[in-house]
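Q: Have a look at this one.
The values are calculated or read from the model by the stated rules, or taken from the named source; none is laboratory data. Here the structure is a predicted model, which means the values were calculated and not measured. Positions of Cβ are generated from backbone atoms using ideal geometry, with glycine treated the same way; all protein chains shown enter the neighbour counts. Just so you know, the surface numbers come from the protein's heavy atoms only, side chains and all, with ligands and any DNA or RNA stripped out. Shrake-Rupley method; radii C 1.70, N 1.55, O 1.52, S 1.80 Å.
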Amino acid sequence: MSWFILCIAGLLEVVWAVGLKYTHGFSRLWPSIITVVAMVVSVALLSWAMKTLPTGTAYAVWTGIGAVGAATTGILLLGESASPARLASLALIVVGIIGLKLSTH
């Protein structure tokens, strides 16, 4: 269950990371509200998952999901670069996340 909660927390990190772009420095009301709520819930779920998961593993997986998700969203929806080097780097992050999951007892 902790891994599921951690994945939801990571997906919410993607929401708030991408949401920051749309807040325009927190000057737009609804994007700002959505972003702040996603931030709070994401960190709360991370904290909950860390009750049973190792701290370093949980934090690394949470940030990894957020980083890969935000970068992928940028590529797919915002027209950001999808260069081979960038895609390879994202793949390395995914491999690291999988490695951390598999090595956690």
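Q: Which residues, counting only those in the stretch 83-100, are closer than 15 Å to W3 by Cβ, open to solvent by less than 40 Å² (accessible area, probe 1.4 Å) and within 16 Å of the chain's Cα centre (by Cα)?
A: If the condition is that a residue be closer than 15 Å to W3 by Cβ, open to solvent by less than 40 Å² (accessible area, probe 1.4 Å) and within 16 Å of the chain's Cα centre (by Cα), then I97 is the only one that fits.
Q: Something else: With the requirement that a residue be out of contact with any helix residue (DSSP H, G or I) (no Cβ under 6 Å at 6 or more places or on another chain) and among the charged types (D, E, K, R), what does the stretch 1-55 give you?
A: The answer is K21, R28, K51.
Q: Out of the stretch 9-54, which residues are free of Cβ contacts under 8 Å to residues at least 40 places away in the same chain, of a type in the set (V, I, T) and under 19 Å from I97 (Cβ atoms)?
A: Once the filter is applied, which keeps residues that are free of Cβ contacts under 8 Å to residues at least 40 places away in the same chain, of a type in the set (V, I, T) and under 19 Å from I97 (Cβ atoms), the stretch 9-54 yields V15, V43.
Q: Just give me the residues in the stretch 64-82 being open to solvent by 40 Å² or more (accessible area, probe 1.4 Å) and not aliphatic (A, V, I, L, M), in sequence order.
A: Matches in the stretch 64-82: T72, G79, E80, S81.
Q: Can I ask one more? Taking the stretch 18-63 only, how many residues are in a helix (DSSP H, G or I), closer than 30 Å to G79 by Cα and open to solvent by 90 Å² or more (accessible area, probe 1.4 Å)?
A: 7
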